[in-house]
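Structure, as structure tokens:
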Amino acid sequence: MKDKLQILCYHGFETYDETSFRPKLFIKKATFNKRLELISKYRFPVLTLDDALYKLRNNKLPRNAIVITIDDGFYNVLGIAADILNAHKYPVTLYLTTYYVQKNSPIFRLVVQYMFWKTKKREVSFGGCAWNKNENMDVRIDNDKERERIIWDCIDYGENECSEPERMRICQLLGSLLGVNYQQIRDSQILSLLTLDEAKLLDRKGINIQLHTHRHYFSVDDEAKAKKEIVDNRKVLDEIVDYPTNHFCYPSGIWNKDQWPWLEQMSVYSATTCLPGLNNSECPAFGLKRFLDGEYINEMEFMAELFGFMELARALRKKTKDFIIKWTPDFRQ
Ligand SMILES: [Zn+2]
């Protein structure tokens with residue numbers, strides 16, 4: 001695959017059981033290590049993001065070039081991933097979202113979802129809980145619809161109407177109602193982002209840290225709000241690194257082309273999406289594609305992606321679809 005750049009994307013690294021909770025969001029240490037061993041075994045060159053983008057634009061990419069990126073900045077990037085990457089001497093770019101970097105608490109919405117996943121209780125009474133909007137106080141946890149409703153009522157209430165200390169109290173109460181130890185979740189940092197000092201340690205280990213918004217949100221229709229996210233994010237990153245931060249990753253993979261001039265005005269040079277595929281010199285700098293790896297991908301799928309077979313399959317699927325559209329009579333005429 002000459003002149004094609006593969007950008008890999010990771011999120012969290014498992015300490016206990018996070019890959020069973022969210023196999024797309026987390027990966028086991030052994031799986032991640034194996035991935036890097038495979039990249040090394042087949043001698044795929046791993047480049048820094050800056051170097052790869054320069055070579056991509058100037059048609060100087062080596063064959064099978066790879067860039068490794070990590071989103072969000074979970075604590076275990078330091079606890080697990082950094083040492084594995086350093087052992088292989090592979091460069092990595094970490095897109096760090098900074099709101100929780102400044103708080104000393106795990107990510108509220110993930111904690112709520114994790115505790116409902118973890119609980120062994122089948123029915124819980126949420127009488128007296130401010131977020132329970134339903135008159136029925138007893139909720140069947142084993143009923144998907146009832147469980148999802150109470151989870152999102154709780155998340156919406158906490159995120160929209162509460163301060164961080166209030167959210168922590170909700171987690172504490174939820175933990176005791178569901179029989180899940182919230183303190184342990186906090187102490188183990190499994191659902192926490194890096195603190196400022198931990199992020200500085202990563203910087204000292206040579207990990208490149210870049211933009212991912214402050215509150216993990218990038219408005220698609222409010223320019224001022226979107227730009228403020230970059231300003232606030234950059235302000236915290238400036239305390240961590242001593243180089244300019246001008247690479248960006250769209251939070252939750254949500255983006256549109258209207259945002260591109262805003263990025264340009266904020267001196268951002270590149271932006272990565274969650275769209276699968278390889279990048280060539282024609283790819284727009286603010287629409288770079290990535291392969292989302294995680295525990296949900298098996299080794300054969302990973303290898304197929306690495307060797308470009310999946311790109312071929314995607315192209316074939318598109319061609320077949322175009323062919324069917326072209327040759328299927330339109331009965332509406
Ligand atoms: Zn993210």
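The values are calculated or read from the model by the stated rules, or taken from the named source; none is laboratory data. Just so it is clear, the model here is predicted, and its values are computed rather than measured. Virtual Cβ from ideal backbone geometry, glycine too; neighbours counted across all protein chains shown. Just so you know, the surface numbers come from the protein's heavy atoms only, side chains and all, with ligands and any DNA or RNA stripped out. Shrake-Rupley method; radii C 1.70, N 1.55, O 1.52, S 1.80 Å.
Going by the conditions given, is Ile68 assigned to a strand (DSSP E or B), touching a helix residue (DSSP H, G or I) at 6+ places or on another chain (Cβ under 9 Å) and either open to solvent by less than 40 Å² (accessible area, probe 1.4 Å) or away from the ligand (no atom under 16 Å from the Cβ) (or both)?
On the way: assigned to a strand (DSSP E or B): yes; touching a helix residue (DSSP H, G or I) at 6+ places or on another chain (Cβ under 9 Å): yes; either open to solvent by less than 40 Å² (accessible area, probe 1.4 Å) or away from the ligand (no atom under 16 Å from the Cβ) (or both): yes.
In short, yes.
Looking at the range 122-147, which of the residues that are open to solvent by 90 Å² or more (accessible area, probe 1.4 Å), out of contact with any strand residue (DSSP E or B) (no Cβ under 8 Å at 6 or more places or on another chain) and assigned to a loop (DSSP other than H, G, I, E, B) is nearest to Asn160 (Cα to Cα)?
Per the criteria, the residue is Lys133.
What number of residues within the range 71-91 satisfy the criterion of being more than 16 Å from the ligand (Cβ to nearest atom) and assigned to a helix (DSSP H, G or I)? Can you show your working first?
If we filter the range 71-91 for residues that are more than 16 Å from the ligand (Cβ to nearest atom), which is where we start, we get 78-80, 82-91.
Imposing the further condition that a residue be assigned to a helix (DSSP H, G or I) reduces the set to 78-80, 82-88.
The total comes to 10.
Need at least 3 residues that are of a type outside the set (Ser, Thr, Tyr) and touching a residue at least 24 places away in the same chain (Cβ under 8 Å) per element, so show me which helices (runs of 4 or more DSSP H) inside the range 178-263 make the cut, counting only ones lying wholly within it.
Values: elements: 182-188, 196-204, 223-240.
Result: 196-204, 223-240.
Please go through the range 283-306 and pick out each residue that is under 26 Å from Asn59 (Cβ atoms) and either touching a residue at least 40 places away in the same chain (Cβ under 8 Å) or not assigned by TED's automatic domain parsing to the domain that holds Leu211 (or both).
The answer is Cys283, Ala285, Leu288, Lys289, Arg290, Phe291, Glu305, Leu306.
Starting from residues that are within 15 Å of the ligand (Cβ to nearest atom) and small (Gly, Ala, Ser), keep the ones in the range 229-270 and report whichever is farthest from Tyr100 (Cα to Cα).
Gly253
Only one of (1) in a loop (DSSP other than H, G, I, E, B); (2) of a type in the set (A, V, I, L, M); (3) within 30 Å of Ile7 (Cα to Cα) is not met by Leu94, so which one is it?
Answer for Leu94: the failing condition is (1).
Provide a single number: the residues in the range 97-114 that are in a helix (DSSP H, G or I) and under 15 Å from the mean Cα position of the chain (by Cα). Break it down stepwise before answering.
Within the range 97-114, the subset in a helix (DSSP H, G or I) is 108-114.
In the following step, the residues that additionally are under 15 Å from the mean Cα position of the chain (by Cα) were identified as 109-110.
Residues that pass the stated criteria total 2.
Can we say Glu305 is within 25 Å of Phe13 (Cβ to Cβ) and either open to solvent by 80 Å² or more (accessible area, probe 1.4 Å) or modelled with pLDDT under 95 (or both)? I'd like the intermediate steps shown before the answer.
Numbers: within 25 Å of Phe13 (Cβ to Cβ): yes; either open to solvent by 80 Å² or more (accessible area, probe 1.4 Å) or modelled with pLDDT under 95 (or both): yes.
Here the answer is yes, as Glu305 does meet what is asked.
Consider Asn280 carefully, then state whether it is assigned by TED's automatic domain parsing to the domain that holds Leu56 and within 20 Å of the chain's Cα centre (by Cα).
On the way: assigned by TED's automatic domain parsing to the domain that holds Leu56: yes; within 20 Å of the chain's Cα centre (by Cα): no.
No, not satisfied.
Tell me whether the range 92-99 contains one or more residues that are in contact with a strand residue (DSSP E or B) (Cβ under 9 Å, 6 or more places away or on another chain), farther than 28 Å from Asn279 by Cβ and open to solvent by 30 Å² or more (accessible area, probe 1.4 Å). So that I can check it myself, show each step before the final result.
Looking only at the range 92-99, we keep the residues that are in contact with a strand residue (DSSP E or B) (Cβ under 9 Å, 6 or more places away or on another chain), and these are 92-99.
Next, only the ones that are farther than 28 Å from Asn279 by Cβ stay: 99.
Pick out the ones that are also open to solvent by 30 Å² or more (accessible area, probe 1.4 Å) and you get 99.
Yes, the range 92-99 has at least one match.
Quickly run through the range 13-32 and pick out the residues that are open to solvent by less than 30 Å² (accessible area, probe 1.4 Å), within 16 Å of the ligand (Cβ to nearest atom) and farther than 25 Å from Arg43 by Cα.
Glu18, Phe26
Within the range 8-35, can you find the residues that are touching a residue at least 40 places away in the same chain (Cβ under 8 Å), among the polar types (S, T, N, Q) and over 19 Å from Ile66 (Cβ atoms)?
If the condition is that a residue be touching a residue at least 40 places away in the same chain (Cβ under 8 Å), among the polar types (S, T, N, Q) and over 19 Å from Ile66 (Cβ atoms), then Thr15, Thr19 are the ones that fit.
Over 30 Å from Ala82 (Cα atoms), part of a helix (DSSP H, G or I) and open to solvent by 80 Å² or more (accessible area, probe 1.4 Å): which single residue out of Trp117, Trp152 fits that description?
Details: Trp117 fails: over 30 Å from Ala82 (Cα atoms).
Of the residues listed, the single one that is over 30 Å from Ala82 (Cα atoms), part of a helix (DSSP H, G or I) and open to solvent by 80 Å² or more (accessible area, probe 1.4 Å) is Trp152.
Keeping to the range 271-299, report how many residues are within 16 Å of the ligand (Cβ to nearest atom) and hydroxyl-bearing (Ser, Thr, Tyr).
So the answer is 2.
Is the range 191-214 home to any residue that is within 16 Å of the ligand (Cβ to nearest atom) and open to solvent by 60 Å² or more (accessible area, probe 1.4 Å)? Full working, then the answer.
Pass one, the range 191-214, residues within 16 Å of the ligand (Cβ to nearest atom): 191-194, 199, 209-214.
Remaining after also requiring open to solvent by 60 Å² or more (accessible area, probe 1.4 Å): none.
No: the range 191-214 contains no residue that is within 16 Å of the ligand (Cβ to nearest atom) and open to solvent by 60 Å² or more (accessible area, probe 1.4 Å).
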